[in-house]
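Accompanying notes for the structure given below.
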Amino acid sequence: MKTNLPESAQDNNEDKNILRKNQQWKTLRFYQKTDTLYQLTFSFCKRFLPLYGDRTVDQMVQAARSGKQNIIEGTEDGVTSTEMELKLINVARSSLQELRADYEDYIKSRHLQLWGKNHPRYIPLLNFCRLNNDYAAYKPFIYRWTAEEFCNTAITLLHITDRMMCRYLEHLQ
């Protein structure tokens with residue numbers, strides 16, 4: 001296609017069209033949920049786990065951070081490589097699955113109840129987590145929730161986030 005642009009400018013213009021449009025990671029709902037999960041996990045560890053001598057704190061906080069950061073890196077790299085975006089989003093999913101296992105282990109080891117579909121608080125919690133991506137919605141509860149409530153909220157949020165990420169990965173493929 002010929003334009004009135006000099007030949008070198010035409011080449012630069014064509015190069016720009018090769019790159020995929022950048023997905024703004026801040027607008028991804030599953031990213032927003034992972035940011036919330038990071039902040040919730042930090043608060044959970046501060047409230048319910050020992051400050052020193054327990055590697056679980058570092059593991060949980062780092063898993064939450066890794067989930068969030070790999071989404072950022074993946075969507076940024078996705079401009080030039082869908083393959084790299086797929087890999088990094090999957091790394092994020094793996095980190096979040098590790099985090100979910102930590103919350104489930106906390107519940108089991110302390111003989112707390114994991115809320116299933118038949119638990120009376122499960123559906124309201126599920127609806128709350130579906131509708132709320134921002135930490136501000138959860139913040140009023142972080143010092144009121146029991147460990148059981150906190151864990152079930154995080155686990156529910158992690159399940160929802162994982163499903164959203166799976167749909168996003170399907171879309172990319």
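The values are calculated or read from the model by the stated rules, or taken from the named source; none is laboratory data. Bear in mind the structure is a predicted one, so any value in this text is a computation, not a measurement. Positions of Cβ are backbone-derived with ideal geometry, glycine not excepted, and every protein chain shown enters the neighbour counts. When the accessible area is computed, the model is the full protein with side chains, heavy atoms only, and any ligands, DNA or RNA have been set aside. Shrake-Rupley method; radii C 1.70, N 1.55, O 1.52, S 1.80 Å.
Annotations
- Filter result (of a type in the set (A, V, I, L, M, F, W, C) and under 18 Å from Gln97 (Cα atoms)) within region 50-77: Val57, Met60, Val61, Ala63, Ala64, Ile71, Ile72
- Failed criterion for Glu98 (all others in (1) open to solvent by less than 50 Å² (accessible area, probe 1.4 Å); (2) outside any loop (DSSP other than H, G, I, E, B); (3) touching a residue at least 24 places away in the same chain (Cβ under 8 Å) hold): (1)
- Residues that are over 23 Å from Met164 (Cα atoms), open to solvent by 90 Å² or more (accessible area, probe 1.4 Å), assigned to a helix (DSSP H, G or I) and at pLDDT below 85 within region 10-57 comprise Asn12, Glu14, Lys16, Asn17, Ile18, listed in sequence order.
- Within region 80-92, residues that are free of Cβ contacts under 8 Å to residues at least 60 places away in the same chain and closer than 22 Å to Gln62 by Cβ sit with their Cβ atoms under 8 Å from residues that are of a type in the set (D, E, K, R) and open to solvent by less than 60 Å² (accessible area, probe 1.4 Å), at 6+ positions apart or across chains, in these pairs: Met84/Asp77; Leu88/Asp77.
- Residue match in region 58-68 (condition: touching a Leu at 6+ places or on another chain (Cβ under 6 Å), closer than 18 Å to Tyr168 by Cα and surrounded by 14 or more Cβ atoms within 10 Å (Cβ to Cβ)): yes
- Residue in region 156-173 that is open to solvent by 20 Å² or more (accessible area, probe 1.4 Å) and assigned to a loop (DSSP other than H, G, I, E, B) present: yes
- Search result, residues across region 101-120 that are surrounded by 12 or more Cβ atoms within 10 Å (Cβ to Cβ) and either in a loop (DSSP other than H, G, I, E, B) or aliphatic (A, V, I, L, M) (or both): Ala101, Ile107, Leu112, Leu114, Trp115, His119
- Residues in region 133-150 that are touching a residue at least 12 places away in the same chain (Cβ under 8 Å), open to solvent by 30 Å² or more (accessible area, probe 1.4 Å) and assigned to a loop (DSSP other than H, G, I, E, B): Asp134, Tyr143.
- Residue within region 70-93 that is assigned to a helix (DSSP H, G or I), open to solvent by 70 Å² or more (accessible area, probe 1.4 Å) and modelled with pLDDT of 95 or more present: no
- Residue in region 146-161 that is modelled with pLDDT of 95 or more and at positive phi present: no
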